[in-house]
């Protein structure tokens with residue numbers, strides 16, 4: 001079943017075209033890693049799917065046009081983890097995570113026991129229960145990132161869009177997060193996460209979409225997307241490729257010789 | 001649960017304080033009427049002097065204090081939450097400044113002397129103008145920085161036009177009247193003012209009061225809030241027009257009363273666990289307390305000098321704000 005599909009998606013920001021004619025779809029059960037250099041258009045792609053940017057082309061959510069459904073209905077289908085870890089006021093962690101339930105609550109209604117259970121489960125999954133009563137703004141960057149991820153999980157949607165969810169996390173929490181996203185996908189949900197760590201992307205994602213200068217350069221399983229040639233052409237780096245436990249290992253080693261780029 | 005309990009206790013305390021100050025405002029004044037007599041006069045139909053003072057002078061004054069205070073507290077809390085900026089206050093959108101300009105023009109042209117309601121009506125027209133300009137400049141895509149900048153521009157322009165009116169004022173009495181009106185006061189207002197401002201304020205309160213959950217979601221930024229189903233255009237519309245309706249009406253009848261909308265949400269924020277939705281009711285009650293208390297104080301401190309309410313709130317508010325800044329610095333270092 002296709003949760004998200006985009007046809008001929010183009011976006012211009014400030015008169016400059018950032019995305020050129022992107023066509024892709026995401027099915028239930030996929031954990032898609034969105035990779036590409038800085039400024040390639042990864043965040044723009046995620047934000048246009050959310051309806052935060054005006055775009056040309058078609059985006060379908062669950063078969064319905066994304067522009068035709070209301071904000072609240074969309075919030076029932078997609079949760080979003082923004083790249084900026086913004087928490088404006090000194091609220092407790094628990095209250096931040098509980099915000100994830102707000103799209104599901106009728107106006108002025110209080111949280112039900114079922115909502116509480118979802119919130120507790122999200123906090124447990126992101127390992128933030130230990131500081132659920134602390135003030136969120138006083139946490140470290142990585143802890144804050146985990147709290148905000150728990151908030152997105154509490155929204156409990158079929159599709160999760162995460163913009164650089166692993167940035168600022170320590171290795172064990174990075175791996176835990178990638179495992180969690182993989183488990184969500186196995187449960188029949190879909191995750192689209194923009195990533196800069198190619199090693200994590202290669203090891204944990206079921207599929208990668210490589211974007212460069214607003215165009216999809218490669219789309220498929222990690223083994224076919226991450227090759228010596230594409231990394232040289234797109235990132236300008238040389239990488240080590242290996243295998244461990246049946247999964248790909250990719251580790252960038254050095255900048256590629258400019259002369260060989262694109263060859 | 002203890003957090004909920006503390007919040008309810010705070011609201012109950014603020015409501016009780018508001019009630020006490022409202023009664024105090026009804027009973028303090030140069031006429032020196034005993035508490036019991038004044039209450040009896042308020043509710044009895046007798047046409048004596050005491051009833052007249054209570055119904056035509058003190059009741060509208062106390063009611064306006066309550067309404068304007070609640071307006072300033074509520075709109076301050078909403079704007080701080082909406083703009084995610086603790087320095088936001090009702091005057092920021094240019095509404096107070098243009099409402100003042102409207103009133104000043106009514107005085108300047110002599111319209112207010114010819115027709116008593118010309119002044120508040122002109123002030124309301126000014127507030128509407130400010131909101132239309134700010135909304136047009138900021139667009140509907142809800143960029144808070146654009147709203148702040150447009151508000152600053154409108155405020156400066158209205159300030160300049162007000163100065164021009166003073167500058168060109170035909171006689172010193174008109175200039176003095178303008179100056180005094182701009183200081184902000186609740187003296188000599190009638191029930192007509194209450195009925196004029198009331199409907200606008202109620203509409204504004206309902207618009208602002210409906211924003212609680214949206215403001216909570218906005219804690220995580222406007223894009224995350226939008227992804228949680230918050231319609232940012234609706235939030236911007238309600239915040240801007242709601243503020244215009246109640247603050248415009250307030251400024252129209254009392255002049256600009258500063259610092260209440262800035263300081264009250266600040267003081268109460270830590271007491272409600274910093275949740276924007278909880279700050280709304282608490283801040284409305286807190287604002288009412290502050291304005292009622294200040295209006296009682298101006299009558300007690302200098303009964304014969306007609307000390308202006310806006311002067312007192314600024315004199316007390318500014319040092320208090322400095323203290324808040326000082327405390328914040330101590331916590332940071």
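The values are calculated or read from the model by the stated rules, or taken from the named source; none is laboratory data. Quick caveat, the model's predicted, so the values are computed rather than measured. Methodologically, a virtual Cβ is constructed for each residue, glycine included, from the backbone with ideal geometry; neighbour enumeration extends over all protein chains shown.
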Legend entry - Sole exception among (1) surrounded by fewer than 24 Cβ atoms within 10 Å (Cβ to Cβ); (2) more than 14 Å from chain A (Cβ to nearest Cβ) for residue B:85, by number: (2)
Inset, instruction - Check off (1) at the interface with chain A (Cβ under 10 Å from one of its Cβ atoms); (2) crowded, with 24+ Cβ neighbours inside 10 Å for residue B:277 and give me the number that stays unchecked. - result: (2)
Inset, instruction - Please find, within segment B:226-256, the residue that is surrounded by the most Cβ atoms within 10 Å (Cβ to Cβ) out of those that are in contact (Cβ under 8 Å) with a residue 40 or more places away in the chain and within 30 Å of residue B:6 (Cα to Cα). - result: B:247
Inset, instruction - May I ask you to say which residue of B:17, B:12 is in a helix (DSSP H, G or I) and exposed (fewer than 15 other Cβ atoms within 10 Å of the Cβ)? - result: B:12
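Residue under question is residue B:102, and the condition is that it be out of contact with any helix residue (DSSP H, G or I) (no Cβ under 6 Å at 6 or more places or on another chain) and crowded, with 24+ Cβ neighbours inside 10 Å; does it hold?
Details: out of contact with any helix residue (DSSP H, G or I) (no Cβ under 6 Å at 6 or more places or on another chain): no; crowded, with 24+ Cβ neighbours inside 10 Å: yes.
The answer is no for residue B:102.
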Legend entry - Single match in B:252, B:256 (criterion: at pLDDT below 90 and assigned to a loop (DSSP other than H, G, I, E, B)): B:256
Inset, instruction - Working carefully through the options B:205, B:195, B:181, find the one that is within 30 Å of residue A:71 (Cα to Cα), away from chain A (no Cβ under 14 Å), out of contact with any strand residue (DSSP E or B) (no Cβ under 7 Å at 6 or more places or on another chain) and part of a helix (DSSP H, G or I). - result: B:205
Legend entry - Complete set of residues in segment B:264-303 that are touching a residue at least 24 places away in the same chain (Cβ under 8 Å) and in a loop (DSSP other than H, G, I, E, B): B:273, B:275, B:303
Inset, instruction - Pull up segment B:223-236, narrow it to residues that are assigned to a helix (DSSP H, G or I) and at pLDDT 90 or above, then point me to the one that is farthest from the other protein chains (Cβ to nearest Cβ). - result: B:235
Inset, instruction - Just give me the residues in segment A:92-139 being part of a loop (DSSP other than H, G, I, E, B) and either within 20 Å of residue A:78 (Cα to Cα) or within 12 Å of chain B (Cβ to nearest Cβ) (or both), in sequence order. - result: A:105, A:106, A:107, A:108, A:109, A:110, A:111, A:126, A:133
Inset, instruction - Sort through A:230, A:166 and tell me the only one that's farther than 30 Å from residue A:144 by Cβ and either touching a helix residue (DSSP H, G or I) at 6+ places or on another chain (Cβ under 6 Å) or part of a helix (DSSP H, G or I) (or both). - result: A:230
Legend entry - Boolean, residue B:175 is farther than 22 Å from residue B:199 by Cα, crowded, with 17+ Cβ neighbours inside 10 Å and either in contact (Cβ under 8 Å) with a residue 12 or more places away in the chain or out of contact with any strand residue (DSSP E or B) (no Cβ under 6 Å at 6 or more places or on another chain) (or both): yes
Inset, instruction - Check whether at least one residue in segment A:79-86 is free of Cβ contacts under 8 Å to residues at least 40 places away in the same chain and either within 8 Å of chain B (Cβ to nearest Cβ) or surrounded by fewer than 16 Cβ atoms within 10 Å (Cβ to Cβ) (or both), and report yes or no. - result: yes
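Report yes if residue A:32 is surrounded by 19 or more Cβ atoms within 10 Å (Cβ to Cβ), under 20 Å from the mean Cα position of the chain (by Cα) and over 30 Å from residue B:269 (Cα atoms), otherwise no.
It is true that residue A:32 is surrounded by 19 or more Cβ atoms within 10 Å (Cβ to Cβ), under 20 Å from the mean Cα position of the chain (by Cα) and over 30 Å from residue B:269 (Cα atoms).
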